[in-house]
1. How far apart, in nanometres, would the label points at GLU358 and MET1 be if each is projected 7 angstrom from Cα along the Cα-to-Cβ direction?
2. List, in order, the whole-Hz ³J(HN,Hα) value for each residue of segment 45-62 obtained from phi through the Karplus relation with A = 6.51, B = -1.76, C = 1.60 and θ = phi - 60°; use x for Gly and Pro.
3. Based on other C-beta atoms within 10 Å, arrange ASP11, ASP338, ASP215, ASP134 from fewest to most.
4. R0 = 22 Å: FRET efficiency of VAL155 with ASN197, Cβ-based, nearest 0.05?
5. Looking at segment 1-146 only, what percent of DSSP beta bridges run antiparallel? Nearest 5 please.
6. How do TYR146, TYR115 line up, fewest other C-beta atoms within 10 Å first?
7. Pop the C-beta distance of ASP289 and ASP255 into the FRET formula with R0 = 22 Å and round what comes out to the nearest 0.05.
8. Which whole-Hz ³J(HN,Hα) couplings does segment 284-292 yield from phi under the Karplus relation 6.51 cos²θ - 1.76 cosθ + 1.60, θ = phi - 60°, glycine and proline marked x?
Amino acid sequence: MEMKIGVIKGDGIGPEIVDEAMKVLDKTAEVYGHSIAYTQLLMGGASIDVNGVPLTDETLKAAKESDAVLMGSIGGDAKTSPWYQLEPSKRPEAGLLALRKGLNLFANLRPAVLYEDLKGACPLKEEIADSGFDMMIMRELTGGLYFGKRSTEEVNGVLTARDELTYNENEIRRIAKRAFDIAMKRRKKVTSVDKANVLDSSRLWRKVVEEVAADYPEVTLEHMLVDNCAMQLVKDPAQFDVILTENMFGDILSDEASMVTGSIGMLASASLNETKFGLYEPSGGSAPDIAGKGIANPIATILSAAMMLRYSFDLDKEADAIEKAVSEVLSKGCRTIDIMAEGKTQIGTKEMGDRICECIR
């Protein structure tokens, strides 16, 4: 297969970790007989430095012409970086929002996996960590409270702020279908999270999700209120397979899930549109304080590349090979500094990429 991949290396540690993901992709392509053509793109702070804006029309056009986009972290230190002296619409994160909107990336996938060899890093009780967990949080990304109308005005002499939460049935249906499709590739269970005891938007959400579920008789559907889900994530995370939820709930729950894995440096993510196209990136930040030191953990970006092979190219065997290689390297005791533990071997960013490449078969 020939793959056209747009690459946004980003800011801070972004270039370092993306380089390792590309190295792993190249090794996988070599082993399995594929070819990859990369197109380098600028976005975020790197684009501001060159173009004066975080996302250009040319970059968006080139991203659309790619089969998928692999991205590193963007942004910098909000206290010291000149990027954050600009108005909000011209800061690095504005470029990411514009990219998501321009590519119609409505489905955000955040896997949270507790690896056997990293159970000691899990902050939960030992008996909970011993059960392990492997879940996928499916977050609607372009609707809800974050994209609704908002205003701040004085009403009867009192300063009053309003934020509007809106979903229509089509927005809910398309994200629900994606969740059930992904559940079919996994353990065939969807937990739909809402606040249907309070919110009209959640009641519509629940109704539409049930309609979609009727087309997937092999998949078990359960509903869970968001406050209960937040508790269950720390009480019994092993119960979850695919968690489907709206934008704000997904934002909060995916961050909670990331913390119970023990390290954000292990967390991949993907954002998909209605085609096979996706944007794949690590969940962590740009960590400017360690940029250039060669100590950043590239595993989240490498696992994001594996997700790209799985969801944009339907190359499940190749994705499995990368994920197994990561597990094998961890089982041999290799660790970057963020996941280092007593008795293990600390290695740097490039060596971690090399070790993973060696294990791809």
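Just so it is clear, none of the values below were taken in a lab; they were calculated from the coordinates. Treat the numbers as computed from the prediction; the structure is a model and nothing was measured. Cβ atoms come from the backbone with ideal geometry, glycine included; neighbour counts cover every protein chain shown.
1. Label at GLU358, label at MET1, 2.9 nm between them.
2. x, 4, 6, 4, 4, 9, 10, x, 9, x, 8, 9, 4, 5, 5, 4, 4, 5
3. Numbers: ASP11 27, ASP338 18, ASP215 10, ASP134 15.
In increasing order of surrounding Cβ atoms, one gets ASP215, ASP134, ASP338, ASP11.
4. 0.20
5. 40
6. The fewest-first ordering by Cβ neighbours comes to TYR146, TYR115.
7. 0.60
8. Values, residue by residue: x, x, 7, 6, x, 5, 10, 4, x Hz.
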